[in-house]
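Here, each number is a calculation from the coordinates, and none is a lab measurement. The structure presented is a predicted model; accordingly, all values stated were derived computationally and were not measured. Note that we place each Cβ from the backbone using ideal geometry, even for glycine, and neighbour counts take in every protein chain shown.
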Amino acid sequence: STTIAPELAALETSFPQKVYILLQEAKCIDELGFELPCFLTNVIPLKKNFQQLHQMVNKCAGRFNEVVSKTTVIEREMLSNQIDDLNAILKPGISVINWRSQRIKVYIDSCNQALDIFCSTQHEVRKHVLS
């Protein structure tokens with residue numbers, strides 16, 4: 001029996017939930033008629049968009065984790081180049097995501113495409129190794 005490759009760590013987002021609480025509180029204060037700092041006034045309307053993007057990034061990370069959890073040590077060796085390619089595509093979102101960037105959706109699409117390619121390659125490897 002083969003084991004899951006331990007060196008492949010699980011991804012998770014680190015977007016602080018406190019931001020959503022802050023935005024909700026700022027919206028309430030604004031509705032009460034108090035003046036807010038300009039940056040908060042500009043960010044409040046983006047809350048829903050932030051939440052949608054956060055969910056999309058979480059879904060992508062979850063998919064990566066699911067794929068990785070099913071990768072054996074043997075597959076890790078055989079697919080090392082593909083894993084490097086996958087990591088290179090995922091890296092920009094792991095280090096920093098600018099939540100005001102219009103490229104987040106492009107990043108998520110790239111990650112999902114890379115995961116599709118990796119899964120397809122992994123399936124082919126399993127098919128040939130097991131036959």
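Table for the structure above
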{"read-out": "Long-range neighbours under 6 Å by Cβ, at least six apart or interchain, first residue farther than 18 Å from E66 by Cα within segment 102-131, second surrounded by 13 or more Cβ atoms within 10 Å (Cβ to Cβ) and small (G, A, S)", "value": "Y107/G93"}
{"read-out": "Residue within segment 66-85 that is of a type in the set (K, R) and crowded, with 17+ Cβ neighbours inside 10 Å present", "value": "yes"}
